[in-house]
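Each remark here refers to the structure printed beneath this line.
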Amino acid sequence: MTDQMVLQTQQWLNKTYGNDPRFKKINPDGRTGWPTIYALTRALQIELGIQSTADNFGPSTQRLFKKRYPNGVRQQAAADKSTSNVYSIIQGALWCKGYSTGGNISQHFYDGTGSAIRKLKTDMGIEGDSSVDVEIMGALLSMKQFVLLASYGGIDSVRRAQQFINKAYRPYTGIIPTDGLYGREMNTALIQVLQSLEGFSPSEATGNFGNGTRSRLKTITANNASSNESWVWLASTALACNGIGGGPTFVWTSTFANIVKAFQERYAIAVTGSIDSTTWMSLLTSKGDPDRPCVACDTRFEITDARLATLKANGYEIVGRYLTEPGQSSLAPKDYFKAIRPGELERITKGGMRFFPIFQEYSTKLEHFTPANGAAHAKTAREAAQRLGIPPTHIYFAVDFDATDDQVTSNILPYFRAVCSSLGGGYGVG
């Protein structure tokens, strides 16, 4: 659907910068998307005097923007008739975000544009005047959304948490979207909030959950919650992002303790009712606590008699092994990298352990997940399981990267639908 103000923005960009070799003309289709954002970014870089323009609002652009506008781009007084293309770029970016400036693209920054900026800041959760500092400019020149995207699964409680993060932790997180969606950027921000609570500086708070972050985790219980309200808020927000609980709260209640227990039960970790280190890692990282007790594992290594004894001695009862590997037909079994070797499954079961079969070939990139690959992988997995004499059971198909929610919808689910419809042989899909 064509948006007339986005179309006007695109036309203005092509007219103003179309003959400049530093600018890439765009198709004036009236649709907001990365091509328009990239064009606005390059236009700003041209105005800042950058000779080698690029599609990203990177360090050089930020540095020159802050040098030109140390106090941000300010709203003009009504009597000020001076003009600037930067004002037009801001207006175009606002229109692409869905904010009306009250008029057509102009070279002025009057109250219509100022009102749009104030509304944008309110939606971000930071409030403030109409000035555009480097972070606001960076947010404008992005595809970040600052309204609730309920039709895409956005949740109001998550949005309120995002707004609070922008208000209270902006030095650590920068400006994050306030769309109500729990994605990678939101998860990184939650880890940065945790690192703030742990005493790291903004420059140290990378959003990576490493050993330093783990070493400073604090266990939160009913007894110490009142003196650690921000930790309670973070835990309740992370629970809401994981689909459990009523949303952010600073107060520990019996209801909240039950919500914590429900999460722990769902993720098969110790049900303590407190936010311990294992629970923190389960809330904030895709792999959880790598040292948590468990009875199952998977491995690419052959389960020899010695390895079987070691696993059993360490409390393991179930082991996962790979049905196939790329190029397997040209290899001798002794040269397999990860595929099950002859006699191995019999050795596992006779040795008193159980096993589960895994199929994983080319599963590390989004492009690997298509319906065609799903059907082909199902056929290969079924044939391998039957060749190995594996009775009807679940075969686990791997996704070996952290797919975001939109990638799950666009690629992962269609892939698994094809697997489910093509597997057959009495096997189920894990």
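Values quoted throughout were computed directly from the atomic coordinates according to the rules given, and no laboratory measurement underlies them. Predicted model, so just to flag it, every value in this text is computed and none were measured. Neighbour counts run over all protein chains shown; Cβ positions are idealised from the backbone, glycine included.
Descriptive notes on the structure:
- Gyration tensor (alpha-carbon) shape descriptor, the range 254-373, a/c threshold 1.5: oblate
- Unit charges on C-beta of K, R, D, E only; dipole of the chain, Debye: 360
- Between Ala313, Ala161, Ala270, the Gaussian network model of the chain with springs among Cα atoms under 10 angstrom shows the greatest mean-square fluctuation at Ala313.
- Within the listed set Gln192, Gln386, Gln91, the Gaussian network model of the chain (springs between alpha-carbon atoms below 10 Å) gives the highest mean-square fluctuation for Gln386.
- Count of lysine pairs in the range 4-140 with Cα separation under 18 Å (8 or more residues apart, or interchain): 4
- Taken one residue at a time, the phi angles of the range 34-51 give Karplus couplings (6.51, -1.76, 1.60, θ = phi - 60°) of 4, x, 6, 4, 4, 5, 4, 5, 5, 4, 4, 4, 4, 5, 8, x, 6, 8 Hz. Gly and Pro are set to x.
- Centroid-to-centroid, using Cα positions, the range 33-63 and the range 356-430 are 42 Å apart.
- GluC sites (Glu not before Pro) within the range 42-148, DSSP loop, no more than 13 other Cβ atoms inside 10 Å: Glu127
- In the list (1) 192; (2) 207; (3) 135, the label attached to volume of the Cα convex hull per residue in Å³ as derived from the coordinates here is (1).
- Taking 22 Å as the straight-line reach from the Cα of Lys379, the lysines in range (excluding those fewer than 8 positions away in the same chain) are Lys338, Lys365.
- Calculated FRET value between Ser330 and Ala270, using beta carbons and R₀ = 51 Å, to 0.05: 0.65
- Spin-label zone in the range 148-173 - amide nitrogen under 19 Å from a point set 7 Å from the Cα of Ser201 along the C-beta vector: 169-173
- Note on the chain: antiparallel DSSP beta bridges, both residues inside, total approximately 15 percent of the bridges counted.
- Separation in nanometres of the label points that stand 7 Å from Cα toward Cβ, at Lys25 and Arg354: 6.6
- Loop-located trypsin sites (Lys or Arg not before Pro) in the range 286-388 (DSSP state other than H, G, I, E, B) with a sparse environment of at most 12 neighbouring Cβ atoms within 10 Å: Lys287, Lys365.
- In range of the label at Glu229: residues from the range 243-281 whose backbone nitrogen is under 12 Å from the point 7 Å along Cα→Cβ: 249-252
- For the pair Thr2 and Ile244, a Förster radius of 41 Å applied to the C-beta separation gives a FRET efficiency near 0.50, rounded to the nearest 0.05.
- Cβ-derived FRET efficiency at R0 25 Å, Ser115 paired with Lys15, nearest 0.05: 0.45
- Zone residues, the range 115-138, relative to Ala78, backbone N less than 18 Å from point 7 Å out along Cα-to-Cβ: 115-116, 130
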